[in-house]
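Working notes, structure below.
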Ligand SMILES: Nc1ncnc2c1ncn2[C@@H]1O[C@H](COP(=O)(O)OP(=O)(O)OP(=O)(O)O)[C@@H](O)[C@H]1O
Ligand SMILES: [Mg+2]
């Protein structure tokens, strides 16, 4: 084997340059799985207003299963915009986002969002007056997926995965610390066992030890469960602990 999943590849791209420099990742993907990427951007551009400024311009990149990919770049470079394009929340103004080779714009995006991708928002988006278990089971139910076990048992398994004690199932979100809420947000995103996990600044407000712990969870999701984990981050330590770094540069004016 010439490439291991731990091989770090750094892809630099500028949102102004036409072809994204994907040579490094293409090489990695050829040997890791020999298969197509689970998620891909194919010459994607995006403008928030019709005819307005493009905040993402002609971006191409392949995202493979079994890897943790960090998306980095200065504030305003378009990281959050790229996450909303990858998660199917918004559609590109030009180009395509492909899930297993299928154009998301032509697919059932509700199904994609509720089954195949788990998103962890920077602000968590948990329902504060509900319990941990209620927050997690809500998204499990919304997916409509069949579950082989009682939901409470699944919740306890998920809490163990994010290293929270089972008793936390009945705690209200309001009573949890920021780091604990982050773990619940991850557990909720994993509730319906998606192929892809996307996280926007998941360690932004956490101390270093908690940050490392959260990164260990993400690495195990990728390396042991074969998920594709994509993380937007400003943290050099998080980028360092990822398998691949995808660098967004600001659009030149
Ligand atoms: N809803 C919106 N309407 C119009 N412009 C927007 C909107 N959201 C973001 N933008 C613009 O798009 C560009 C990219 O924003 P984005 O939020 O993707 O950057 P970012 O890389 O995530 O930055 P940060 O690191 O600060 O979170 C910025 O110039 C921003 O002003
Ligand atoms: Mg952002």
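Name the residue that is nearest to ligand 2 (Cβ to nearest atom), counting only residues in region 32-52 that are in a loop (DSSP other than H, G, I, E, B) and free of Cβ contacts under 8 Å to residues at least 60 places away in the same chain.
Among those residues, the one meeting the criterion is 48.
Under 22 Å from residue 56 (Cα atoms), modelled with pLDDT under 95 and either away from ligand 1 (no atom under 16 Å from the Cβ) or touching a helix residue (DSSP H, G or I) at 6+ places or on another chain (Cβ under 7 Å) (or both), is that true of residue 248?
Working: under 22 Å from residue 56 (Cα atoms): yes; modelled with pLDDT under 95: yes; either away from ligand 1 (no atom under 16 Å from the Cβ) or touching a helix residue (DSSP H, G or I) at 6+ places or on another chain (Cβ under 7 Å) (or both): yes.
For residue 248, the condition - under 22 Å from residue 56 (Cα atoms), modelled with pLDDT under 95 and either away from ligand 1 (no atom under 16 Å from the Cβ) or touching a helix residue (DSSP H, G or I) at 6+ places or on another chain (Cβ under 7 Å) (or both) - is met.
Consider region 65-90. How many of its residues are free of Cβ contacts under 8 Å to residues at least 60 places away in the same chain, more than 10 Å from ligand 1 (Cβ to nearest atom) and crowded, with 17+ Cβ neighbours inside 10 Å?
1
Within the set of pairs 6 or more residues apart or between chains, which connect a residue that is exposed (fewer than 14 other Cβ atoms within 10 Å of the Cβ) inside region 161-182 to a residue that is assigned to a loop (DSSP other than H, G, I, E, B) with Cβ atoms less than 9 Å apart?
Note: pairs meeting the criteria are 174/128; 174/129; 178/124; 178/205; 178/206.
Checking residue 111 against (1) away from ligand 2 (no atom under 16 Å from the Cβ); (2) surrounded by 13 or more Cβ atoms within 10 Å (Cβ to Cβ), which test does it fail?
Status for residue 111: all satisfied but (2).
Select from region 206-238 the residues that are assigned to a helix (DSSP H, G or I), surrounded by 21 or more Cβ atoms within 10 Å (Cβ to Cβ) and within 16 Å of ligand 1 (Cβ to nearest atom) and list them in ascending order.
Listed by number, the list holds a single entry, 238.
The values are calculated or read from the model by the stated rules, or taken from the named source; none is laboratory data. Just so it is clear, the model here is predicted, and its values are computed rather than measured. Backbone-built Cβ (ideal geometry, glycine too); neighbour counts: all protein chains shown.
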